[in-house]
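Asker: Below are the structure tokens for one structure; questions will follow.
The values are calculated or read from the model by the stated rules, or taken from the named source; none is laboratory data. Because the structure is a prediction, the values reported are computed rather than measured. Virtual Cβ from ideal backbone geometry, glycine too; neighbours counted across all protein chains shown. All accessible areas refer to the heavy atoms of the entire protein, side chains included, with ligands and DNA or RNA removed. Shrake-Rupley method; radii C 1.70, N 1.55, O 1.52, S 1.80 Å.
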Amino acid sequence: MNRSAVARARWRWVHLILGGALLMPYFLLTEVVVGVVAGGVNALNSGSLTLLSYAASLPLVAVTALFGPVRPMSVAAVRAMCEVPGEGLADGPARSWAARVRASAWWTLHLGIGALISALTLALPPMAVLLIAVPVVGRMRDVELGYGWFSTAADPYVAPLLGIGLLAGLTLCAVGAGRLLAGTAPVLLGPTAADRLAAAEERAADLAVRNRLARELHDAVGHALSAVTLQAAAARRMLERDPDFVREALAAIEDTTRRTVGELDAVLGLLRDGDPARPDTAPAPTLAADLDGLLARTRAAGTTVVAHQDPGPAGDWAALPAIASREAYRIVQEGLTNALRHGAGPVDLRIRVQAGPDAAHRELEIIMTNPPVDPAEARETRTTGGRGLRGSAERAALLGGSVEAGPYGDRWRLRAVLPLAGEDR
């Protein structure tokens with residue numbers, strides 16, 4: 001047995017002894033009851049009554065294990081001491097009665113076997129030491145220790161062999177019981193269908209949050225970097241010929257970076273658990289409050305943007321549901337980012353509120369077109385993997401809408417449709 005196996009057996013032995021210690025309150029309670037029923041005697045003075053008290057304590061163990069944090073406590077102990085792979089065990093409290101029954105069976109098995117191993121661990125080593133000491137301690141030879149066919153007085157040199165046998169037997173029992181519990185743990189403490197469903201829902205929720213943060217970072221930072229890069233390049237080219245243009249470009253760069261730092265701080269705040277909202281954190285941009293600034297910063301980068309806005313009967317974008325206004329802004333921002341990175345020539349942007357599939361609903365339509373760059377240049381300049389358009393499609397899908405992007409005649413077109421049904425959120 002190698003060193004790791006010895007260490008594993010030792011920790012499993014400790015795990016069994018802890019189970020025996022946990023059984024003691026149940027055993028002492030049933031020992032009192034058994035003694036009273038037996039006529040007011042001490043059950044510990046009788047081997048049969050002691051065994052009866054032990055047997056009577058196991059149903060109490062099973063019942064109490066149906067409630068409370070038994071399963072998470074058992075799982076933590078098994079992972080720490082029994083070297084059972086963590087993926088084979090369930091996390092958290094039992095979510096169904098089937099899981100509670102399985103956890104109760106494990107708890108009863110652990111405490112029941114642990115009590116037996118604990119009793120043997122307390123009783124056998126002292127007895128083995130006495131037997132091993134018989135040949136070398138003269139006074140021990142005069143004391144008759146034994147039962148039936150064996151007596152230390154008659155066979156003093158056989159006693160050490162029996163002592164060693166007792167220690168070996170105890171070790172084998174402890175190792176076997178430890179292996180039994182380690183093999184049973186995944187069966188009784190493993191995840192149920194409800195646990196797997198809860199874990200899948202938790203992973204899906206975590207993935208949704210991660211995707212949301214990825215979209216926010218990509219749209220906010222990606223657009224800012226594209227705009228700043230083009231603005232800086234234009235300022236460098238016009239540095240000697242048009243100082244006024246350079247001043248405007250630098251002012252646009254300053255405004256873009258300031259706004260982006262605020263948006264980045266807001267997104268990073270979501271990554272910090274328990275980080276309270278700060279009053280100076282920039283709110284999420286919307287069509288009503290931020291569309292004009294977005295268009296101005298894009299034009300400052302040297303790209304011509306012709307915008308046609310039709311807010312509909314309400315008269316302005318402030319009447320839109322807040323969530324639709326936020327997601328629409330991000331979709332327009334991503335479309336302009338793609339136009340800055342991969343487009344050529346002016347951008348035509350049309351935003352309008354129109355009737356939906358039925359008279360009771362309206363929808364917001366965003367159409368953005370621009371001439372595409374030469375295919376050879378597109379291969380050289382493209383540095384992203386299309387995550388922005390995929391993020392825009394995810395944003396629209398969350399509202400029940402859609403996004404289409406691709407060649408449209410001799411131009412590139414992005415079209416988004418967002419339903420406007422529902423209350424302001």
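Asker: So how much accessible area does ASP310 have, in Å² to the nearest 10, using a 1.4 Å probe?
Answerer: 80
Asker: I'd like to check one number: the per residue accessible area of the stretch 22-88, probe 1.4 Å, reported in Å² as a whole number.
Answerer: On a per-residue basis, the stretch 22-88 sits at 55 Å².
Asker: Could you tell me what percent of the accessible area of the stretch 1-80 is made up of carbon and sulfur, with a 1.4 Å probe and every protein chain present?
Answerer: C and S fraction of accessible area: 74 percent.
Asker: Whenever you get a sec, line up TRP97, TRP107 from highest to lowest accessible area (probe 1.4 Å, protein heavy atoms).
Answerer: TRP97, TRP107
Asker: In what sequence, largest accessible area first, do TYR329, TYR26 appear using a 1.4 Å probe?
Answerer: Greatest to least solvent exposure: TYR26, TYR329.
Asker: Just subtract the alpha-carbon distance of LEU167 and VAL32 from 0.36 nm times their residue separation and send over the number in nm, one decimal.
Answerer: 45.4 nm
Asker: For GLU365 paired with ARG258, estimate the spin-label separation in nm (one decimal), with each label point 7 Å from Cα along the Cα-to-Cβ line.
Answerer: Once both label points are built, they end up 3.8 nm from each other.
Asker: If you average the sequence gap of Cα pairs under 8 Å that are 6 or more apart and divide by the length of the stretch 1-71, what percent do you get for the contact order?
Answerer: Across the stretch 1-71, relative contact order equals 28 percent.
Asker: With a Förster radius of 41 Å, plug the Cβ-Cβ distance of LEU207 and ARG179 into 1/(1 + (r/R0)^6) and report the FRET value to the nearest 0.05.
Answerer: Values: r = 38 Å, r/R0 = 0.94.
Result of the calculation: an efficiency of 0.60.
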